[in-house]
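Undergrad: My structure is below; once you've seen it, I'll send some questions.
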Amino acid sequence: MALKNPDAIAAVVTALRLTYGDETARAMLVGGMSLAALIEAMFSASVERRDAVRYVASALDDFAISPEPGPVWHLRYVYESHGSFRVVDMEIATPTGTLSSKDVRLRLPV
């Protein structure tokens, strides 16, 4: 499988392995995980928060997303407080509504 963003996927895999262990990380990548779990793992990894956000955003192009957001969607960042630039969560905005990170499932296509 050719990845669109191999560096981002490598960062995601490393963060998942360090946070959950090899077997669980493998199961999450193949079986699926919530976007919230991915964000949590990336924020607990030893990368700067801005890099973690960038890796997650870039990696989404390589994941199968469910529910299917459709052809037009936008990644929306949730900030710590008004005026803050510290991202604490992400949502997917679509023409039909917004999906919270807890409701979005991701898996790497095999």
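The values are calculated or read from the model by the stated rules, or taken from the named source; none is laboratory data. Just so we're clear, the structure is a prediction, and the values are computed from it rather than from any experiment. Using ideal geometry, Cβ is built from the backbone for each residue, glycine included, and neighbour counts are taken over all protein chains shown.
Undergrad: For region 89-110, how many residues are in contact (Cβ under 8 Å) with a residue 40 or more places away in the chain and of a type in the set (Val, Ile, Thr)?
TA: Residues meeting the conditions: 3.
Undergrad: I need a count of the residues in region 66-88 that are crowded, with 17+ Cβ neighbours inside 10 Å and in a strand (DSSP E or B).
TA: The number of residues fulfilling the criteria is 1.
Undergrad: Considering (1) under 19 Å from LEU18 (Cβ atoms); (2) in contact (Cβ under 8 Å) with a residue 40 or more places away in the chain, say which one ALA64 fails and leave the rest.
TA: (1)
Undergrad: OK, next. For region 89-105, name all the residues that are in a strand (DSSP E or B) and of a type in the set (A, V, I, L, M).
TA: Those that are in a strand (DSSP E or B) and of a type in the set (A, V, I, L, M): MET90, ILE92, ALA93, LEU99.
Undergrad: Does VAL110 satisfy the criteria of being closer than 20 Å to LEU3 by Cβ and either among the hydrophobic types (A, V, I, L, M, F, W, C) or over 11 Å from the mean Cα position of the chain (by Cα) (or both)?
TA: So VAL110 passes the test.
Undergrad: Right, here's the next one. Pull up region 1-48, narrow it to residues that are in a helix (DSSP H, G or I) and of a type in the set (Asp, Glu), then point me to the one that is farthest from PRO109 (Cα to Cα).
TA: Per the stated criteria, the residue is GLU40.
Undergrad: Hey, among ASP51, ASP61, which residue is out of contact with any Leu (no Cβ under 9 Å at 6 or more places or on another chain), charged (D, E, K, R), closer than 21 Å to LYS4 by Cβ and part of a helix (DSSP H, G or I)?
TA: Step by step, each of ASP51, ASP61 is checked, and only ASP51 is out of contact with any Leu (no Cβ under 9 Å at 6 or more places or on another chain), charged (D, E, K, R), closer than 21 Å to LYS4 by Cβ and part of a helix (DSSP H, G or I).
Residue by residue, here is whether (1) surrounded by fewer than 16 Cβ atoms within 10 Å (Cβ to Cβ); (2) modelled with pLDDT under 95; (3) within 9 Å of the chain's Cα centre (by Cα) holds:
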{"residue": "PRO6", "(1), (2), (3)": "yes, no, no"}
{"residue": "ALA10", "(1), (2), (3)": "yes, no, no"}
{"residue": "LEU16", "(1), (2), (3)": "no, no, no"}
{"residue": "ARG26", "(1), (2), (3)": "yes, no, no"}
{"residue": "LEU29", "(1), (2), (3)": "no, no, no"}
{"residue": "LEU35", "(1), (2), (3)": "no, no, yes"}
{"residue": "ILE39", "(1), (2), (3)": "no, no, yes"}
{"residue": "MET42", "(1), (2), (3)": "no, no, yes"}
{"residue": "ASP51", "(1), (2), (3)": "yes, no, no"}
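Undergrad: So which of VAL88, VAL72 is at pLDDT below 95, over 12 Å from the mean Cα position of the chain (by Cα) and more than 19 Å from VAL110 (Cα to Cα)?
TA: So the residue among VAL88, VAL72 that is at pLDDT below 95, over 12 Å from the mean Cα position of the chain (by Cα) and more than 19 Å from VAL110 (Cα to Cα) is VAL72.
Undergrad: List pairs: first in region 1-22 and within 16 Å of ALA57 (Cβ to Cβ), second modelled with pLDDT under 95 and surrounded by fewer than 13 Cβ atoms within 10 Å (Cβ to Cβ), Cβ under 6 Å, 6+ apart or cross-chain?
TA: Within 6 Å, the pairs are LYS4/ASP61; ASN5/ASP61.
Undergrad: Does SER44 satisfy the condition of being under 15 Å from LEU16 (Cα atoms), out of contact with any strand residue (DSSP E or B) (no Cβ under 8 Å at 6 or more places or on another chain), among the polar types (S, T, N, Q) and in contact (Cβ under 8 Å) with a residue 24 or more places away in the chain?
TA: So SER44 passes the test.
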